[in-house]
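Chemist: This structure is in structure tokens; I'll ask about it shortly.
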Amino acid sequence: MMRNRLSLYGISLFLLPVLGWGQSAPDFKELLESAIVRDADLMMQRTRNKVTELDQHKLKDIFLPTLEVSGQAGYLNATTRLSSPDINLQPFLDIPSGKYNNNLNISGFSGIAKADAKMLLYSGGKVKYLNKALEEKKKSEDILLEKTRDEVITTVSRAYDQLALIHQSKIVLDESKRRLDANRKTADKALGYGLITPYDHKKIELAQATLDAKVVEYEGKKELLLTQLEVLTGVEKERLRLINPVLVPVASLPLQKSIDERAEIRALDHGINAADYKIKAERTWWIPKVQLMASLYYIGLYNNRIKTSENIIPTIPELNYPGRKLDWRPNNLAIFPLLTAGVGFKWEIFDGNEGKHAEELAKVNKEILQTQKYDATRKLTLNLANNQSNYDIAYAQIALKKKQKELAQNALVQAEKEFRYGMAKSTQLIEAENDLEAAELDYQNAIFNQRRAAIELMKSTQELDVTKLYQGL
């Protein structure tokens, strides 16, 4: 029994690291792909774009034949008045016009069935132009997806780099804590020898307490960023905690494109092309439209009675003929098939200027798009210049903050030596420690800001490339 327990215990110890190794830290590529799949704006935009696809399918189906079947059944009761025509068969028969008037009554049950088939043969070119307009609209919508995707990259990249900034802050705080612990020991000895005052010693303690508070603040910010990444990507926090990103400046960015490559400009270009095709489509109002038509009828009368009020054949005294009324009760009368087929056309010679007004409206919509492009071009030109300036400034700030960090490191080394030999007070040491901590954090913030400026600069000409931000992707 003891051996079995030891065996199970050994297996458990073996499985623990295996289970731990099952969790791997997600790289930026995985986070980005997950965020793109889950982004609500992209999903809504793709859903809206399906309307254009449905319109394209609907337009393609317009040349398909349509078949309609209709019918009715009910009780029929119809009466008509008949007036005799002029009949002159002298010397045997002479009946003046209107001498005999008769009412014909048809009653009973009737059934009618009809099948209609239609197929458009020629639309005057309108369908062709509308189809091309929808194709341009679809291209415009697909291009705007690129802009939304770039916004997703910007959001995820910012959160990822903020996490890297937080990690770097923790490293800086750990280094400060290590140095303060070492200086605390020196201060304890100096206080014992009477080399420093209790006040100076309390300054060291206060610095340590302040550092502990910063560590608590760090943990709070880290949890907030992990929650943000979890919401954006759907990746579990347990895996996100394994990420250990490092901030690296983005290399120099020579732009290869112009603002004409921006998604907004290209989308407007396709929108203007679509407007051109819409204008051409509206101009076809006067061209005849041709379609193929066919109809098939069935007409049936059941249990009917056909009768007249007067003699349908008049009395002829000369022939000693008494005359007769019509009283016919047919069981079933049917007409089938009654088929009509042919080609029909519609030619609107004058439509009350409706086609002209539709064309003018399409031209106005084109002018609106052209104005939007003009305005977007001006704003994007200014945006490019602004982003280039911000990037240059941010890039220069890295060198400046790096130099300030080196100076702060040298100043702290000198302050520690002077404090160790009693040549400086704890206040000077703490100030030097705070200056170095601030300089190191300012340096990391400078890298963070430079990366944000690089992203905005690349977006200025639609050149956002993730591989320039994160190596190995």
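Values in this text are rule-based calculations from the coordinates and carry no lab data. If you're wondering where the values come from, they're calculated on a predicted model, not measured in any experiment. Note that we place each Cβ from the backbone using ideal geometry, even for glycine, and neighbour counts take in every protein chain shown.
Chemist: State, in angstrom, two size descriptors of the stretch 119-278 derived from its alpha carbons: Rg to one decimal place and Dmax to the nearest whole number.
Modeler: Final numbers for Rg and Dmax: 29.9, 108 Å.
Chemist: What is the local net charge at Arg329, summed over the other residues whose Cβ is closer than 12 Å to its Cβ (Lys, Arg +1; Asp, Glu -1)?
Modeler: That works out to +1.
Chemist: According to a simple spin-label model (label point 7 Å from Cα along Cα-to-Cβ), what is the distance in nm between Ile335 and Ala385?
Modeler: 8.2 nm
Chemist: Also: So what does the Cα-only Debye profile of the stretch 173-226 read at q = 0.14 Å⁻¹, as log10 I(q)/I(0), no solvent term?
Modeler: Debye output, listed in q order: -0.45.
Chemist: Right, another one. Is it possible to state the helix-based mean residue ellipticity at 222 nm for the chain, with each DSSP H run of 4+ residues giving -39500 (n - 2.57), the sum divided by total residues, to the nearest 500 deg cm²/dmol? What is it?
Modeler: Calculated mean residue ellipticity at 222 nm is -21500 deg cm²/dmol.
Chemist: Another one. Which ordering of Ile36, Ile368, Ile430 is given by a fewest-first count of other beta-carbon atoms within 10 Å?
Modeler: So the ranking, lowest neighbour count to highest, is Ile368, Ile36, Ile430.
Chemist: OK, next. Given the pairs Lys139/Lys363; Lys132/Lys468; Lys132/Lys356, which are separated by over 32 angstrom at their Cα positions?
Modeler: On the way: Lys139/Lys363 20 Å; Lys132/Lys468 38 Å; Lys132/Lys356 21 Å.
With Cα atoms farther than 32 Å apart: Lys132/Lys468.
Chemist: If you don't mind, there's one more thing I want to ask. Dividing the Cα convex hull volume of the stretch 429-473 by residue count, how many Å³ per residue is that?
Modeler: 53 Å³
Chemist: Between the alpha-carbon centers of the stretch 401-417 and the stretch 336-384, tell me the distance in whole angstrom.
Modeler: Each part's Cα centre sits 71 Å from the other's.
Chemist: Please compute the alpha carbon radius of gyration of the stretch 229-387, then divide it by the globular-protein estimate 2.2 N^0.38 Å. Two decimals is fine. Each step should come with its number before you reach the end.
Modeler: Details: Rg = 39.3 Å, N = 159, 2.2 N^0.38 = 15.1 Å.
Output field value: 2.61.
Chemist: Taking square-rooted eigenvalues a ≥ b ≥ c of the alpha carbon gyration tensor, is the chain rounded, prolate or oblate, where a/c under 1.5 means rounded and, failing that, a/b exceeding b/c means prolate?
Modeler: prolate
Chemist: Let me ask another. What is the log10 of I(q)/I(0) for the stretch 323-473, computed with the Debye formula using one identical point scatterer on each Cα and no solvent, at q = 0.09, 0.10, 0.16, 0.19 Å⁻¹?
Modeler: -0.67, -0.73, -1.02, -1.14
Chemist: How big is the stretch 213-300 in terms of Cα radius of gyration and Dmax, in angstroms?
Modeler: For the stretch 213-300, the Cα-based Rg and Dmax read 30.8, 97 Å.
Chemist: If each residue's Cβ is checked for other Cβ atoms within 10 Å, how do Ser123, Ser83 rank with the fewest at the top?
Modeler: Ser83, Ser123
Chemist: Hey, another quick one. Label Ala73 and Glu30 with points 7 Å out from Cα along Cα→Cβ: what is the distance between them in nm?
Modeler: Simple spin-label model gives 6.9 nm for this pair.
Chemist: Oh, and also: Which of Lys289/Lys366; Lys222/Lys417; Lys50/Lys114 have a Cα-Cα distance over 31 Å?
Modeler: Long pairs (Cα-Cα over 31 Å): Lys222/Lys417; Lys50/Lys114.
Chemist: With 20 Å as the limit, write out which pairs from Lys202/Lys425; Lys128/Lys373; Lys126/Lys278 have Cα-Cα distances beyond it, or answer none.
Modeler: From Lys202/Lys425; Lys128/Lys373; Lys126/Lys278, over 20 Å: Lys128/Lys373.
Chemist: Sum up the charges of everything whose Cβ sits under 14 Å from the Cβ of Glu406, counting Lys and Arg as +1 and Asp and Glu as -1, but leave Glu406 out. Each step should come with its number before you reach the end.
Modeler: On the way: positive: Lys401, Lys402, Lys403, Lys405; negative: Asp435, Glu440, Asp442.
Neighbourhood net charge equals +1.
Chemist: Output the direction-averaged projected area (hull surface divided by four) of the convex hull of the alpha-carbon atoms of the stretch 355-396, in nm². Write down the numbers at each step before the final one.
Modeler: Working: hull surface 10.9 nm².
That works out to 2.7 nm².
Chemist: For Pro198, what charge total do you get from the other residues with a beta carbon under 13 Å from its beta carbon, if Lys and Arg give +1 and Asp and Glu give -1?
Modeler: It works out to a net charge of 0.
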